[in-house]
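Some notes on the structure that comes next.
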Amino acid sequence: MSESRDGGDVLRLESVTRSYRKGHVGEVSVLAGVDLAIRRGEVVGLVAPSGTGKSTLLHIAGLLDSPDEGQVVINGTDFASAPDGLRTRVRRREVGFVYQFHHLLPEFSAVENVVLPQLAAGTDRKRADAWALELLERTGLERRATHRPSELSGGEQQRVAFCRALANRPDLLLADEPTGNLDSGSSEAVFTVMMELVRERQLSALIATHDRGLAVRLDRSISLDEGRLVNLDRANRA
């Protein structure tokens with residue numbers, strides 16, 4: 001782990017590589033020298049087909065996986081080779097995740113799903129309850145707070161998942177196809193709420209999506225081509 005110049009970047013990846021061994025095929029390169037910087041408050045879309053390394057990139061950016069080489073700098077510190085315990089603590093406090101499937105704990109209510117990450121980070125129960133209820137209210141779910149996931153619609157479940165991602169007030173939001181499992185109406189509702197809170201809290205975000213209509217509404221978009229990042233201009237995203 002090392003200190004690194006941040007220049008206002010919440011996330012910076014430098015020369016990140018990642019390969020996997022795949023049966024008889026041998027070594028398969030997924031990321032081949034990725035460089036990426038996301039400024040504070042910037043929302044970046046990652047638009048690429050399945051199988052190009054989007055999830056691998058997100059997992060490395062969020063300290064769920066380690067690169068073979070390169071730096072993963074969050075708020076000025078390189079955590080690429082940090083010990084697991086430190087990576088877990090940083091991930092818990094500075095990074096929020098939203099996935100295509102909500103992954104809510106089925107035995108707990110909506111508010112409990114948002115409270116639990118806070119308790120794990122050491123927040124006292126009263127403060128955790130208050131913040132969880134505030135987030136649910138901001139996303140239009142105040143009347144659904146005591147409902148379990150099975151009692152919520154798909155769009156409601158995903159809004160709870162988004163609240164959970166913000167529970168510990170992270171600086172960085174990573175979202176992997178956050179609306180990919182929803183119909184168009186629910187997708188628009190979830191995206192609108194998500195962007196309102198992201199902008200309000202000046203979060204930095206990297207959002208992987210197949211939806212170019214969604215991506216064009218972000219600050220900029222990037223893609224992956226043979227393991228390297230490619231910048232997409234607005235003309236290409238229109």
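Since every read-out is calculated from the coordinates, none of them should be taken as a lab result. Just so we're clear, the structure is a prediction, and the values are computed from it rather than from any experiment. No Cβ is skipped: glycine too gets one built from the backbone with ideal geometry, and neighbour counts run over all protein chains shown.
Quick look at the numbers
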{"quantity": "Against the rule of thumb 2.2 N^0.38 Å, how large the Cα Rg of the chain comes out", "calculated": "1.01"}
{"quantity": "Relative contact order computed over the chain (Cα-Cα under 8 Å; 6+ residues apart), in percent", "calculated": "28"}
{"quantity": "Inter-centroid distance (Cα atoms) of region 162-238 relative to region 39-67, Å", "calculated": "11"}
{"quantity": "Compactness of region 53-95 - radius of gyration and Dmax, Cα, Å", "calculated": "9.5, 26"}
{"quantity": "Label-point separation in nm, Leu86 to Glu196, each point 7 Å along Cα→Cβ", "calculated": "4.0"}
{"quantity": "Charge dipole magnitude, Cβ of K and R +1, D and E -1 - region 95-214, Cα centre, debye nearest 20", "calculated": "280"}
{"quantity": "Fraction of the pair-distance distribution of region 26-84 above 20 Å, Cα-Cα pairs, percent", "calculated": "28"}
{"quantity": "Region 155-215: relative contact order as a whole-number percent, Cα under 8 Å and 6+ apart", "calculated": "45"}
{"quantity": "Kirkwood Rh, angstrom, region 1-127 [1 / mean 1/r, Cα pairs]", "calculated": "16.4"}
{"quantity": "Between 0 and 90°, nearest 10: helix 84-94 axis offset from the chain longest Cα axis", "calculated": "60"}
{"quantity": "Beta bridge orientation in the chain: antiparallel %, DSSP, nearest 5", "calculated": "60"}
{"quantity": "Descending semi-axes in whole angstrom, ellipsoid equivalent of region 111-195, from the Cα gyration tensor", "calculated": "21, 15, 10"}
{"quantity": "Alpha-carbon Rg/Rh ratio, for region 47-188, with Rh computed the Kirkwood way", "calculated": "0.99"}
{"quantity": "Rounded to 10°, Cα long-axis angle of helix 110-120 versus longest principal axis of the chain", "calculated": "60"}
